[in-house]
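In what follows, a structure is listed as structure tokens, so that the remarks can point back to it.
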Amino acid sequence: EKGGYEHFMIKEIHEQPKAIRDTLTRRIVADSDDIVLDDIKLTAEDLKNIDKIYIVACGTAYHAGLVGKYVIEKLARIPVEVDIASEFRYRDPIINERTLMMVISQSGETADTLAALREAKNRGARVIAITNVVGSSVAREADDILYTWAGPEIAVASTKAYVTQLIAIYIVALYLARLNGKMSVEEYRVIRDELLNLPEKAEEVLKRKEEIQKFAAKNYNHKDIFYLGRGLDFAVALEGALKIKEISYIHAEAYAAGELKHGPIALIDKGVPVIALATQEDLYDKMVSNIKEVVTRGAKVLGIAFDGHEDILKVVDQAVYIPKTLPLLAPVLSVIPLQLLSYYAAVERGCDVDKPRNLAKSVTVE
Ligand code: F6R
């Protein structure tokens with residue numbers, strides 16, 4: 001059942017190219033300018049009345065939501081707020097019939113996410129669900145649905161579901177941007193073509209796993225690990241830190257790199273491993289400055305950058321490269337080395353990879 005792999009987690013990490021392809025299929029099509037969404041009925045007319053989007057989710061799905069804020073604001077120019085479901089539901093959020101709510105849930109059964117969805121509906125919001133389970137509670141109660149096609153995810157740590165959530169977010173963002181006229185057909189085609197190249201590029205990232213394995217073998221014994229990034233890289237850093245916490249039981253913190261000097265840099269000491277994501281071209285130089293700040297304090301830095309950015313080796317100890325794509329789409333590729341790192345570190349540490357302590361696959365209690 002593990003298809004020759006030692007654990008479900010590593011099997012599911014390898015299923016990502018297929019999961020990405022399956023989630024795109026029929027919706028985003030080469031040579032076509034139409035986005036086909038069978039279960040989303042939202043019209044241009046409906047969208048005219050929307051002045052705000054709320055994305056609500058838990059855990060890894062929340063981290064996908066953080067990417068969603070960035071992507072939807074950038075492409076569709078609609079303000080987006082992202083919230084953790086267990087916070088959202090208890091804080092009297094400003095939400096009404098002019099709000100579009102997006103909930104993201106792999107299982108579609110997470111209690112807090114479901115409660116947030118119900119709260120939003122009670123207040124008149126329209127709800128779009130991104131979920132992996134057909135007929136789940138979230139799917140049944142939402143107005144519009146976009147299914148991810150990750151297939152069953154068995155390992156407790158979410159990997160392939162996360163990347164398909166990202167793909168679903170890009171699809172919704174493109175759909176909204178086309179619907180409200182914020183994106184030309186030419187702009188659409190550029191992103192469409194790059195999206196369709198992602199399965200192959202994800203395959204390429206997986207081929208480079210030995211680099212990560214090497215880094216894991218050298219660093220699995222550290223007590224703390226830091227993840228830094230700016231913009232979309234920060235959202236991915238948060239997901240990377242969560243993965244290593246839950247699977248490898250290594251304390252990890254993710255920071256927006258520019259925020260370091262406002263406190264956390266005090267924790268950087270000789271030999272502390274730092275994962276620095278540097279895929280956002282317009283922030284690259286800023287990121288390099290932040291890397292220098294931690295290197296000066298003795299950190300051992302693993303950089304993650306696009307092919308062609310070998311200049312990063314001037315500031316980092318080791319680099320892992322991902323194939324070049326649009327910076328907007330980089331999270332789909334840059335998260336893979338981070339998933340692999342948490343996996344290999346967990347294996348080195350003898351952890352129960354597929355069933356980490358204290359965690360359940362579906363959190364149906366509050
Ligand atoms: C982390 C993880 C959890 C889930 C969270 C939400 O690897 O799996 O953080 O992402 O419990 O679950 P769903 O997406 O089913 O609502």
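Quick notes on this one:
- Checking GLU187, GLU194 one by one, the residue that is without any contact (Cβ under 8 Å) to a residue 60 or more places away in the chain, open to solvent by 10 Å² or more (accessible area, probe 1.4 Å), assigned to a helix (DSSP H, G or I) and in contact with a Leu (Cβ under 9 Å, 6 or more places away or on another chain) is GLU187 and no other.
- Residue check for ARG126: away from the ligand (no atom under 15 Å from the Cβ) and under 23 Å from THR164 (Cβ atoms): yes
- Every listed requirement among (1) of a type in the set (Lys, Arg); (2) closer than 20 Å to THR25 by Cβ; (3) more than 16 Å from the ligand (Cβ to nearest atom) is met by LYS160 save one, (3).
- Exclusive hit being among the hydroxyl-bearing types (Ser, Thr, Tyr), in contact (Cβ under 8 Å) with a residue 40 or more places away in the chain and away from the ligand (no atom under 16 Å from the Cβ), set THR23, THR43: THR43
- Residues in region 146-180 that are in contact (Cβ under 8 Å) with a residue 40 or more places away in the chain and not in a helix (DSSP H, G or I): 14 in all.
- The condition of being away from the ligand (no atom under 16 Å from the Cβ) and over 30 Å from LYS74 (Cβ atoms) holds for only one of THR279, THR364, THR296, that being THR296.
- Complete set of residues in region 240-287 that are open to solvent by less than 70 Å² (accessible area, probe 1.4 Å), of a type in the set (Gly, Ala, Ser), more than 23 Å from SER158 (Cα to Cα) and part of a helix (DSSP H, G or I): ALA257, GLY258
- Subset of region 121-143 (residues that are within 18 Å of LEU100 (Cβ to Cβ), open to solvent by less than 50 Å² (accessible area, probe 1.4 Å) and in contact with an Asp or Glu (Cβ under 6 Å, 6 or more places away or on another chain)): GLY124, VAL127, ILE128
- When restricted to residues that are touching a strand residue (DSSP E or B) at 6+ places or on another chain (Cβ under 6 Å) and in contact (Cβ under 8 Å) with a residue 40 or more places away in the chain, region 323-366 contains 3.
- Annotation for region 202-221: no member residue is open to solvent by 30 Å² or more (accessible area, probe 1.4 Å), outside any helix (DSSP H, G or I) and within 16 Å of the ligand (Cβ to nearest atom).
- Residue that is least open to solvent (accessible area, probe 1.4 Å), among those in region 109-120 that are under 16 Å from THR364 (Cβ atoms) and free of Cβ contacts under 8 Å to residues at least 60 places away in the same chain: THR113
- Of all residues making up region 338-361, the number that are within 16 Å of the ligand (Cβ to nearest atom) and assigned to a helix (DSSP H, G or I): 8
- Unmet requirement for GLU12, which otherwise passes all of (1) under 30 Å from ALA346 (Cα atoms); (2) acidic (Asp, Glu); (3) assigned to a strand (DSSP E or B): (3)
- Of all residues making up region 288-319, the number that are part of a helix (DSSP H, G or I) and either open to solvent by less than 10 Å² (accessible area, probe 1.4 Å) or in contact (Cβ under 8 Å) with a residue 24 or more places away in the chain (or both): 6
- Region 90-108: number of residues that are within 14 Å of the ligand (Cβ to nearest atom), open to solvent by 10 Å² or more (accessible area, probe 1.4 Å) and in contact with a helix residue (DSSP H, G or I) (Cβ under 7 Å, 6 or more places away or on another chain): 1
- Subset of region 65-79 (residues that are surrounded by 24 or more Cβ atoms within 10 Å (Cβ to Cβ) and among the charged types (D, E, K, R)): none
- Screening GLU97, GLU81, GLU6 for residues that are of a type in the set (Asp, Glu) and not in a loop (DSSP other than H, G, I, E, B) leaves exactly one candidate, GLU81.
The values are calculated or read from the model by the stated rules, or taken from the named source; none is laboratory data. On a predicted model such as this, the values are computed, not experimentally measured, just so you know. When we count neighbours, we look across all protein chains shown, and the Cβ atoms used for this are built from the backbone with ideal geometry, even at glycine. Surface accessibility is based on the protein's heavy atoms, side chains included, excluding ligands, DNA and RNA. Shrake-Rupley method; radii C 1.70, N 1.55, O 1.52, S 1.80 Å.
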